[in-house]
1. Once both axes come from the Cα atoms, what is the angle between helix 249-264 and the longest principal axis of the chain, in degrees from 0 to 90, rounded to 10?
2. Could you calculate, for the stretch 171-224, the ratio of the Cα radius of gyration to the Kirkwood radius, expressed as Rg to Rh?
3. Stretched out fully, how many nm does the piece from R49 to E222 gain, at 0.36 nm a residue minus the Cα gap?
4. With Cβ to Cβ distances under 9 Å as the rule, what net charge do the other residues near R235 carry (K, R +1; D, E -1)?
5. Treating only the Cβ of Lys, Arg, Asp and Glu as charged (+1, +1, -1, -1), what charge dipole size does the chain show about its Cα centre? Round to the nearest 20 debye.
6. Using a simple spin-label model with points 7 Å from Cα along the Cα→Cβ vector, what separation in nm is obtained for D173 and S27?
7. Figure the gain on full extension for S299 and A202 (residue separation times 0.36 nm, minus the Cα-Cα span) and round it to one decimal in nm.
8. Tell me the label-point distance for the pair D147, A95, using the 7 Å Cα-to-Cβ offset, in nm and rounded to one decimal.
Amino acid sequence: MSVTPVTITITGAGGQIGYALLFRVASGAMLGPDTPVRLNLLEIPQGLRAAEGAALELQDCAFPLLHQVEVYDDPKAAFRGTSHALLVGARPRAAGMERGDLLAANGGIFGPQGEAINAGAADDVRVVVVGNPANTNALIASAHAPDVPADRFTALTRLDHNRALGQLAPAMDTPVGDIRNVTIWGNHSATQFPDVAHATAAGDPVPALLAARLGGVDAAREWIVDEFIPRVAKRGAEIIEVRGSSSVASAANAAIDHMRDWVHGTTGGWTSAAVVSDGSYGVPEDLVSSFPVESVDGSWRIVQGLSLDAFAQHRLATSVAELVDERDAVRALDLI
Ligand code: NAD
Ligand code: LMR
């Protein structure tokens, strides 16, 4: 076991996702059974008591890997020395709030957090933004951390990826673990494009398996376009409607999957993550967009060379246009 604990910062630690994340991270679910951890919990003053309560419970779990828990309301202190930052805390959309207001409110959070990461985080820091609008919040944080390579800032679309797997498995009567190479493209929003064109189940192409089960290529295409894509893309809204509040445990689980694969690598195909575009697939450089990615030697790499038909190109362009609008809005607000 490595002796020096790794510092992990979790923002919004007193909130719902924070509560679902902390205990799994402390148990070793994210970095594995050989990595002791030190948790820095960041909250705003209103959330401090909840975070402090969670810290008491963490102590009561006596996790062997957990060396220390600190609760902060100062980003500079919370990010000092951190090598893994999970940015969960965000300003939710309130009634009557326009999108520009939401972006401005979140700029007030992710700008200073980016600065704090720039000032004090470890050189090898990895950042995943969960708080919405996640892609653009990651862009804002990165813009405020000029000394940190932009590829260290990512946003979470693993939840969308996992949701896609969860829909495909019963549709093909296949174990979820047999499915490979699904892609979420674009924004973590209803415009995202969940793409199964290159996916396989136990080595067989998913489109062909769906056609065999649903009675032909046209029926499979209809299911993909009219049921699968909207179900995955609007799953967040469905959860809010059914549960009465947004997804929590599945979001925390996805954040753990994202960080674990980033650190330990992907095997057996690719996953999805929102990373800074290098211009691949025509996505403008510097946008934080979801791509098919593999984690190799501790870095995300965009999978190259996939063919996109006219439908796929249109869906990707639609989501990218939304990301461009969000970027332009935060630029106009001087947030980047
Ligand atoms: P929540 O309201 O229960 O918790 C958010 C916490 O963040 C609160 O305790 C709040 O005090 C804290 N907070 C606010 N501003 C902060 C700041 N500047 N610094 C530190 N903490 C701050 O919300 P939740 O259910 O935990 O969801 C958190 C975010 O995750 C929301 O933006 C939600 O929309 C988003 N989300 C994203 C995904 C995804 O897949 N990307 C999925 C689900 C939810
Ligand atoms: C989700 O995908 O579940 C969330 O991003 C939904 C939301 O608006 O919080």
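Values quoted throughout were computed directly from the atomic coordinates according to the rules given, and no laboratory measurement underlies them. Because the structure is a prediction, the values reported are computed rather than measured. For neighbour counting, all protein chains shown are included, and Cβ atoms are generated from backbone atoms with ideal geometry for every residue, glycine included.
1. 90
2. Taking Rg over the Kirkwood Rh, I get 0.99.
3. Between R49 and E222, full extension yields 57.3 nm more.
4. Net charge around R235: +1.
5. Using Cβ point charges on Lys, Arg, Asp and Glu, the chain gives about 400 debye.
6. 3.3
7. Taking 0.36 nm per residue and subtracting the Cα distance, the gain is 32.2 nm.
8. 4.6
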